[in-house]
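Okay, so here's the structure we're looking at.
The values are calculated or read from the model by the stated rules, or taken from the named source; none is laboratory data. Because the structure is predicted, anything quoted here is derived from the model rather than measured. Glycine also receives a Cβ, built like all others from the backbone with ideal geometry; neighbour counts cover every protein chain displayed.
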Amino acid sequence: MDYSKLKPLHGIIVLKPEVRSQTEGGIVLVEEERLDYARVVAVGPGEWRKEKRNKPAVFHTVDVSVGDQVVVGPGSGVVLETEVDGEIESLTYMSETDIVAIIRNK
């Protein structure tokens, strides 16, 4: 899929869930209260945050990049059916603060 046309606003990150537990028949096993893995497919530019009273807001960029594999908590973000390249796909939209970790392979 080509996700380059998907442009989230502010500090929103769009994830494609990665299936970790699946039976030979293709049934996905869902465990309550477990961490989920996902691949980052689109990232917003960042957001302005006012950190201290009487100080100007500061622009914070997002620390994850497209292609990163991340770990998110159960129930994090909002799952929306999104049309990408003419196909409907379930993608998760969330704030960067909902990401538990980035998995680095290097």
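A few comments on the model shown:
- Only residues that are at pLDDT 90 or above, loosely packed, with under 11 Cβ neighbours inside 10 Å and within 18 Å of ASP98 (Cα to Cα) were counted in the stretch 48-67, giving 2.
- Flag for VAL19 being at pLDDT below 95, surrounded by fewer than 12 Cβ atoms within 10 Å (Cβ to Cβ) and over 15 Å from ILE102 (Cβ atoms): yes
- Within the stretch 53-79, residues that are farther than 20 Å from PRO8 by Cα have Cβ atoms under 8 Å from residues that are surrounded by 15 or more Cβ atoms within 10 Å (Cβ to Cβ) in these pairs: GLY73/ASP36; GLY73/ASP98; PRO74/ASP36, counting only partners at least 6 apart in sequence or on another chain.
- Residue match in the stretch 35-46 (condition: modelled with pLDDT of 85 or more and touching a His at 6+ places or on another chain (Cβ under 7 Å)): yes
- Residue that is surrounded by the most Cβ atoms within 10 Å (Cβ to Cβ) [pool: residues in the stretch 68-93 that are at pLDDT 90 or above and β-branched (Val, Ile, Thr)]: VAL70
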